[in-house]
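Engineer: Please see the structure below; I have some questions.
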Amino acid sequence: MYTVRTGSVLEETRLPVRVWIFAIWKAASSKKGYSALQLSREMEITHKSALFVLRRLRHGLNEENPPKLTGTVEVDEVYVGGKPRYRRTGITGRGTEKTPVLGMVQRDGDVRFQMMDRITADRISEVLAVNADQTCRLITDEYSIYKTPGKWFAGGHETVKHGLNEYVRVGTDVHSNTIEGVFSLIKRGVMGTFHSVSRKHLPNYLNEFQFRWNTRKLDDGERVTRVVKMLNGKRLQYRESVENPPYMQSSNGQ
C-alpha cells in the first residue's frame, strides 16, 4: 500500500512521522550536533531507536559527486576519537592512535572530509586529485608529507611554519586558519555533544559536519529543506547500520 513514507527514508519505520520531522529539524539547526540521548529523552523513544534515526539522517547527508574545490584550498589533518579516559594518555595530533581525517576547504567555499586509513603522501595525493581541481593553489603547514601532492597543483604550494609559531605569513594571505576553524567545529561536536565517535561510524558523522559547514550561510528553514532533499532515495536499513562497512571489514579480518 502506498503511503507518504513510501520510497523515502521513513519507509517501513514504526516511529511516528513527528519523531522524524523533529529529528531532522534538530539535526539541521543544532550548531554542535544533536545526540541520540537527547533525541530519546525529548521524543520519549528508546536510545536504540534514536541512534538508528540519526544514523539514517547522517547517511543521507552524504554528497554524491560534489563539484571539485577551486581557487585557494587549505589542507590539513585532524585526529578524531574523543577525550582520553586518563589525562596521561592524552596524546593529541600526529602520533596519536585516533582516526586521521583529511580536511580540504576552499576559501569562502565548501569543505571536504576524508577518513584515512593512514596519512601518506600517495594517499593524500589520491584524495586531493578527487576533491580539488588541478588549477588550485594549495596551502598547508610545513609537514613534509604535503610536498609530493603539492607538486601536482598548477597554482603552487605554499606553507606556514606552525613549528616556528608562524600562523599567517606577514604581508600575505598564506595561512591555514580556515581549515583550523573547520576542525574546531568537529572538535566542539565530538567533545561537547557526542563525546566519542567510533571509527566505524565516523564517515557518517563527517557527513554531518561537512553539511553543517557547507550550509553555514543558510537559515534553519533552508537547511531543513536541503536535508529533506538529500535524504531522497538514501534509505539505510537497520542491518546495514550495525554491520561493519567494507573499510572496517578489511581492517579486522572479517
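Engineer: Out of GLY233, GLY221, I need the residue that is assigned to a loop (DSSP other than H, G, I, E, B) and over 17 Å from the mean Cα position of the chain (by Cα). Which one?
Structural biologist: Of GLY233, GLY221, the one residue that is assigned to a loop (DSSP other than H, G, I, E, B) and over 17 Å from the mean Cα position of the chain (by Cα) is GLY233.
Engineer: Which residues, taken from the stretch 190-212, are modelled with pLDDT under 90 and at negative phi?
Structural biologist: Once the filter is applied, which keeps residues that are modelled with pLDDT under 90 and at negative phi, the stretch 190-212 yields VAL190, MET191, GLY192, THR193, PHE194, SER196, VAL197, SER198, ARG199, LYS200, HIS201.
Engineer: Something else about it: Need at least 3 residues that are open to solvent by 60 Å² or more (accessible area, probe 1.4 Å) and more than 29 Å from VAL227 (Cβ to Cβ) per element, so show me which helices (runs of 4 or more DSSP H) inside the stretch 114-207 make the cut, counting only ones lying wholly within it.
Structural biologist: 121-131
Engineer: For the stretch 35-67, which positions are hydroxyl-bearing (Ser, Thr, Tyr) and more than 13 Å from VAL19 (Cβ to Cβ)?
Structural biologist: If the condition is that a residue be hydroxyl-bearing (Ser, Thr, Tyr) and more than 13 Å from VAL19 (Cβ to Cβ), then SER35 is the only one that fits.
Engineer: Exactly one of (1) at pLDDT 90 or above; (2) touching a helix residue (DSSP H, G or I) at 6+ places or on another chain (Cβ under 9 Å); (3) buried (at least 18 other Cβ atoms within 10 Å of the Cβ) is unmet by LEU218. Its number?
Structural biologist: With (1) at pLDDT 90 or above; (2) touching a helix residue (DSSP H, G or I) at 6+ places or on another chain (Cβ under 9 Å); (3) buried (at least 18 other Cβ atoms within 10 Å of the Cβ) applied to LEU218, the lone miss is (3).
For (1) part of a loop (DSSP other than H, G, I, E, B); (2) out of contact with any Phe, Trp or Tyr (no Cβ under 6 Å at 6 or more places or on another chain); (3) open to solvent by 60 Å² or more (accessible area, probe 1.4 Å); (4) at pLDDT below 90, each residue gets a yes or a no:
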{"position": "THR6", "(1), (2), (3), (4)": "yes, yes, no, yes"}
{"position": "ARG18", "(1), (2), (3), (4)": "no, yes, yes, no"}
{"position": "ILE45", "(1), (2), (3), (4)": "yes, yes, no, no"}
{"position": "SER49", "(1), (2), (3), (4)": "no, yes, no, no"}
{"position": "ASN65", "(1), (2), (3), (4)": "yes, yes, yes, yes"}
{"position": "ARG85", "(1), (2), (3), (4)": "yes, yes, yes, yes"}
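Engineer: So, one more: Within the stretch 20-43, restricting attention to residues that are open to solvent by less than 30 Å² (accessible area, probe 1.4 Å) and among the polar types (S, T, N, Q), which residue is modelled with the highest pLDDT?
Structural biologist: If we take residues in the stretch 20-43 being open to solvent by less than 30 Å² (accessible area, probe 1.4 Å) and among the polar types (S, T, N, Q), then SER40 is modelled with the highest pLDDT.
Engineer: Any chance the stretch 162-178 includes a residue that's in contact with a Leu (Cβ under 7 Å, 6 or more places away or on another chain), more than 19 Å from ALA23 (Cβ to Cβ) and aromatic (Phe, Trp, Tyr)?
Structural biologist: There is no residue in the stretch 162-178 that is in contact with a Leu (Cβ under 7 Å, 6 or more places away or on another chain), more than 19 Å from ALA23 (Cβ to Cβ) and aromatic (Phe, Trp, Tyr).
Each row is one residue, and each column tells you yes or no for (1) aliphatic (A, V, I, L, M); (2) in contact (Cβ under 8 Å) with a residue 60 or more places away in the chain.
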{"position": "ARG14", "(1), (2)": "no, no"}
{"position": "VAL17", "(1), (2)": "yes, no"}
{"position": "ALA23", "(1), (2)": "yes, no"}
{"position": "LEU37", "(1), (2)": "yes, no"}
{"position": "HIS47", "(1), (2)": "no, no"}
{"position": "ARG55", "(1), (2)": "no, yes"}
{"position": "GLU64", "(1), (2)": "no, no"}
{"position": "PRO67", "(1), (2)": "no, no"}
{"position": "GLY71", "(1), (2)": "no, yes"}
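The values are calculated or read from the model by the stated rules, or taken from the named source; none is laboratory data. Computed from a predicted model, the values in this text were never measured in an experiment. As a convention, Cβ positions derive from the backbone with ideal geometry for all residues, glycine included, and neighbour counts pool all protein chains shown. Heavy atoms of the whole protein, side chains included, go into the accessibility calculation; ligands, DNA and RNA do not. Shrake-Rupley method; radii C 1.70, N 1.55, O 1.52, S 1.80 Å.
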